[in-house]
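Encoded as structure tokens, the structure appears first; notes follow it.
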Amino acid sequence: MKKFLFISLFVLTALCFTCGCAKSVDYLGYVSEKRTNIYMYSNDGLEIKIYLSEKETPYSADGIKGDVAPLTEIFVSLPKSYDEVNISVCKAQGEMSYRAVENCYYLSLADSGISGEKVDVTLTCGDESNTYSAQSVLYDGVMDCDGAVKCVIDHDEKLFESLTESNIFCGEIYVRLLYDEGCYYYVGVCDRDKKINAYLVDGVKGKIIATKELNG
């Protein structure tokens, strides 16, 4: 009887220790991509989208977090095509490249200096130059990227515990702000086998709207 009680106590202690280790891991330290803001302008067939992120460089969906650096990506869709399109917004400026598949112009750079509720974007298309005001999609009540990740951890704690060994998380996390008449977050958890568990999170309520498993 005493032996049984001792073994039971040992098993319970081991389980508590294991769960405690998993919960003590700073999973936010394994985020290899974080899209923190989006700026948008749209009118008369002209659309501007600016994504502010911190992203692993070089990017590799392998379940291992690499070095993360700031990244600004700018997409511009125009009602007609031009041989040359240049853009200027804060520190970001330069000639945009044309992407045939998306039918848009694109520019990426590390340090853009973009911040605040809105920014002025100057587009020079051929000989014509115009300035537009792009507005941040963020509004009162929207959680940040870390908050979205924490919602996923609370929702699927077993997944994070299964990928945690000796206080090390064997995976990497992607979190991207999305906007579609409201703010949402995509959170992807990629393991060492390149399998991704993806979650769509309501940006205000923190509710998990949808989940999906993807194979890398």
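Filtered by the rule that a residue be under 20 Å from the mean Cα position of the chain (by Cα) and surrounded by fewer than 14 Cβ atoms within 10 Å (Cβ to Cβ), region 61-88 gives Asp67, Ala69. Scanning region 175-201 for residues that are under 26 Å from Lys49 (Cα atoms) and more than 14 Å from the chain's Cα centre (by Cα) turns up Asp180, Glu181, Gly182. Provide a single number: the residues in region 129-178 that are open to solvent by less than 60 Å² (accessible area, probe 1.4 Å), within 20 Å of Gly66 (Cα to Cα) and of a type in the set (Val, Ile, Thr). The number of residues fulfilling the criteria is 4. Can you find a residue that is touching a strand residue (DSSP E or B) at 6+ places or on another chain (Cβ under 6 Å) and over 26 Å from Thr57 (Cβ atoms) anywhere in region 161-177? For region 161-177, residues touching a strand residue (DSSP E or B) at 6+ places or on another chain (Cβ under 6 Å) and over 26 Å from Thr57 (Cβ atoms): absent. Remark: Lys23 falls outside the filter, which requires a residue to be within 28 Å of Lys195 (Cβ to Cβ), part of a strand (DSSP E or B) and either modelled with pLDDT of 95 or more or open to solvent by 60 Å² or more (accessible area, probe 1.4 Å) (or both). Per the conditions (1) under 20 Å from Ser32 (Cα atoms); (2) outside any strand (DSSP E or B); (3) touching a helix residue (DSSP H, G or I) at 6+ places or on another chain (Cβ under 7 Å), the sole criterion not satisfied by Met143 is (3). When the criteria are applied in full, Lys205 meets the requirement of being in a loop (DSSP other than H, G, I, E, B), of a type in the set (Lys, Arg) and either open to solvent by 50 Å² or more (accessible area, probe 1.4 Å) or farther than 19 Å from Phe75 by Cα (or both). Candidates Ser162, Ser129: the one that is free of Cβ contacts under 8 Å to residues at least 60 places away in the same chain, among the hydroxyl-bearing types (Ser, Thr, Tyr) and farther than 24 Å from Ile38 by Cα is Ser162. Against the criterion of being assigned to a helix (DSSP H, G or I) and under 27 Å from Gly203 (Cα atoms), Val152 qualifies. Would you be able to say whether some residue in region 160-182 is part of a strand (DSSP E or B), more than 14 Å from Leu28 (Cα to Cα) and among the hydrophobic types (A, V, I, L, M, F, W, C)? Yes, because at least one residue in region 160-182 is part of a strand (DSSP E or B), more than 14 Å from Leu28 (Cα to Cα) and among the hydrophobic types (A, V, I, L, M, F, W, C). Restricting attention to region 119-128, the residues that are touching a strand residue (DSSP E or B) at 6+ places or on another chain (Cβ under 9 Å), assigned to a strand (DSSP E or B) and exposed (fewer than 13 other Cβ atoms within 10 Å of the Cβ) add up to 1. Restricting the first member to region 186-204 and to residues that are within 17 Å of Gly29 (Cα to Cα), and the second to residues that are in a strand (DSSP E or B) and of a type in the set (D, E, K, R), the beta-carbon pairs closer than 6 Å and six or more apart or on different chains are Cys190/Glu172.
The values are calculated or read from the model by the stated rules, or taken from the named source; none is laboratory data. These figures come from a predicted structure and were not determined experimentally. As a convention, Cβ positions derive from the backbone with ideal geometry for all residues, glycine included, and neighbour counts pool all protein chains shown. Note: accessible area is taken over every heavy atom of the protein model, side chains too, but ligands, DNA and RNA are not part of it. Shrake-Rupley method; radii C 1.70, N 1.55, O 1.52, S 1.80 Å.
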